[in-house]
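Notes to accompany the following structure.
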Amino acid sequence: MDIQAENAKNTMAVVPSKTKANSDVSQISIQEFLNFLKTAYQVQDSVEGILMSGGMSEAVNWLKRKENQLTLKSICCQTSDTVLNANKGSGDDKKDTSKKRNFCSASDADPLKRKLSEVLQEGLLDSVLPYLVQNATNLKKCSSLKLYGKILYEYIKQIYKNIVLDKPVSNSNQSTNISSNDKPVVRRKSIEASTVKPVITKTDSEVEIHVCDEVKNTKKTFICNQKLLVEKMGYFAEVTLGQKLEDMDISVHCDIGIFEWLMQWVKKDPLLEEDWPELDPQCVIPILVSAAFLQMEPLLNDCLLFCHQHMNEILRTNSNLSCLNDSVLTRLAAMYTNVEVESIKDRKDKIQSRLFSKLIQSLAEPEPESVRGHWCSLARLFRCDKCEQLITPDVAIKIPCVPSCMRLQPDGSIISLHIRDLAWDINEYIVRLQKGLKTWRKVYWRLWGDAHFLYCSTCKRYFPVNQIGWCRFHPDTPQFFTLDAQKAPLPIGRYPCCGERAYRFQLLENFSGCQFRQHMVCTQDVRDSAVFSMLEAYRHAIEEEPPQLLFPERLTRLVARGR
């Protein structure tokens with residue numbers, strides 16, 4: 001789900017200036033207008049306490065009478081007198097008061113509206129007008145005792161709305177409504193008087209959400225509380241930062257049924273738990289995508305848990321799992337063990353390969369996750385430049401290398417000093433495996449086998465578990481040659497089974513052989529037991545076929561010289 005918000009400021013249509021026939025006394029400057037607003041705030045704070053302390057509990061319902069233009073003009077004139085008294089010296093009071101009274105006369109109530117339009121065009125009220133209007137909307141909840149300052153706010157609000165509704169918006173202010181499947185689009189209001197048609201009655205604390213289902217060619221409008229919407233959907237808390245939802249037009253292009261489910265979930269808290277909307281295999285994927293984009297974290301966790309528990313049922317539906325982005329898929333894959341991913345029945349491979357690719361990333365973490373079936377890590381795996389074996393530092397000294405890299409210890413033991421191949425890269429190795437094995441499932445189990453080692457009690461060496469069947473041996477005992485029946489046989493011979501050379505006295509143990517057999521695993525601890533159990537359970541996917549052995553060199557019988 002993709003939501004886009006157009007944050008460009010509305011471009012107000014310029015209000016034409018007065019003709020020459022209009023009187024000059026009807027004009028006010030920007031400074032006078034701002035002083036007018038400043039004094040309005042002072043009137044609100046100072047006069048309210050005086051009247052309330054005088055015992056007044058009820059006064060004229062200004063909210064109702066503000067619709068009467070004569071009343072509004074009278075209030076405007078009275079407040080203008082206050083502006084003069086607060087900002088002019090005593091010597092000029094009479095002259096300026098007469099001017100202001102002419103400005104607020106009954107025959108000309110337009111200058112304030114026109115000046116407000118000019119101020120709005122200059123952007124001087126962009127930072128304060130939202131708070132003025134917000135304070136004015138809360139008057140409905142207060143007593144009818146509303147003083148001059150608050151009435152002025154209401155009057156300014158009314159003028160502001162008239163300017164927006166009466167003047168057509170220029171082409172530069174046309175909002176863009178970008179459609180996408182299952183993705184709501186938020187845009188700034190662009191209203192014309194001819195198109196204003198109230199459809200649903202809502203309060204000031206609620207917003208309208210217009211949903212368009214392009215597949216079914218249907219539309220529907222939903223209403224939701226502003227605070228609830230921002231609290232439950234973190235996306236709106238970010239996109240409307242510094243703005244108010246009532247000043248935005250929320251347009252959603254998605255399946256109406258899915259969005260209706262989301263609205264039910266948002267409003268579920270006051271209901272009993274059995275009345276909460278429930279997830280099912282058919283709808284959980286689009287709801288998961290919507291919850292991820294709208295940043296509905298609790299719902300996202302519920303959807304991920306449901307997918308983890310009912311993945312096979314979801315795969316039997318026609319849900320499109322390719323719409324899950326990498327972030328969501330990573331969180332979903334973190335809930336799975338390798339055994340659970342292997343048990344997914346995904347004939348069309350909608351998600352199983354992607355989960356195995358995430359398991360490969362987990363297998364390469366420095367700290368292995370045993371709960372997911374990883375007791376060793378690929379992070380330190382390297383290839384020896386001499387023997388070309390893939391080994392880890394933990395078992396490197398116990399795996400034989402070429403004789404030149406083996407050392408005799410003072411206690412008589414022999415260790416191997418493998419040399420790291422700096423040209424080998426594990427990423428390139430994984431890419432080659434994927435090209436050869438074709439599926440991420442086979443690649444994962446091959447890498448899992450490369451990372452885990454066990455000990456064979458027969459050949460006395462460690463081996464990667466994917467080479468469980470690579471224990472080499474000769475089925476026949478070696479035969480040593482003799483030059484004379486009365487003399488001891490020579491220290492060199494051969495194996496009758498393959499003709500490979502054999503030595504009677506050999507310092508380094510010979511791990512060669514012409515045939516392969518199964519390693520005899522020695523489980524030394526719980527970790528080894530768990531690795532061996534996993535190997536036995538998925539041996540068909542882990543075990544690698546041994547290579548073909550060739551022995552071109554044959555030893556013939558030695559004959560004494562001169563015969």
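Here the Karplus curve 6.51 cos²θ - 1.76 cosθ + 1.60, taken at θ = phi - 60°, turns the phi angles of the range 468-476 into couplings of 4, x, 10, 7, 7, 7, 10, x, 10 Hz, with x standing for Gly and Pro.
What's the extension gain from GLU260 to ALA541 if we count 0.36 nm per residue and subtract their Cα-Cα distance? That pair, GLU260 and ALA541, stretches by 96.7 nm at full extension. Leaving out ligands, DNA and RNA, and with a 1.4 Å probe, what % of the accessible surface on the range 422-486 is carbon or sulfur? The nonpolar share, carbon plus sulfur, comes to 51 percent. The calculated P(r) of the range 396-473, using every Cα pair and 10 Å bins from 0, goes 15, 35, 35, 12, 2 in percent. Around the amide H of ILE414, modelled in the peptide plane, lie the amide H atoms of GLN409, all under 5 Å away and 5 or more residues distant in sequence or on another chain. Using bins of 10 Å that start at zero, the share of Cα-Cα pairs per bin across the range 205-354 amounts to 10, 37, 33, 16, 4, 0, in whole %. Rolling a 1.4 Å probe over the heavy atoms of the protein chains gives the range 335-477 an accessible area of 51 Å² per residue. Taking every protein chain into account, the 1.4 Å probe leaves VAL252 with about 0 Å² of accessible area, to the nearest ten. Cα centroid distance between the range 348-369 and the range 305-343, in Å? So the two Cα centres are separated by 12 Å. Between ASP385 and GLU428, the contour length at 0.36 nm per residue exceeds the Cα-Cα span by 13.8 nm. Applying the Karplus relation 6.51 cos²θ - 1.76 cosθ + 1.60 with θ = phi - 60° to the range 218-225 yields 3J(HN,Hα) values of 10, 10, 7, 10, 10, 10, 9, 5 Hz, where x marks Gly and Pro. How much of the pair distance distribution for the range 320-416 lies past 18 Å, counting alpha-carbon pairs only, in percent? When every Cα pair of the range 320-416 is considered, 60 percent fall beyond 18 Å.
The values are calculated or read from the model by the stated rules, or taken from the named source; none is laboratory data. What you see is a predicted model, and the numbers here were worked out from it, not measured in a lab. The area values use the complete protein model at the heavy-atom level, side chains included, leaving out ligands, DNA and RNA. Shrake-Rupley method; radii C 1.70, N 1.55, O 1.52, S 1.80 Å.
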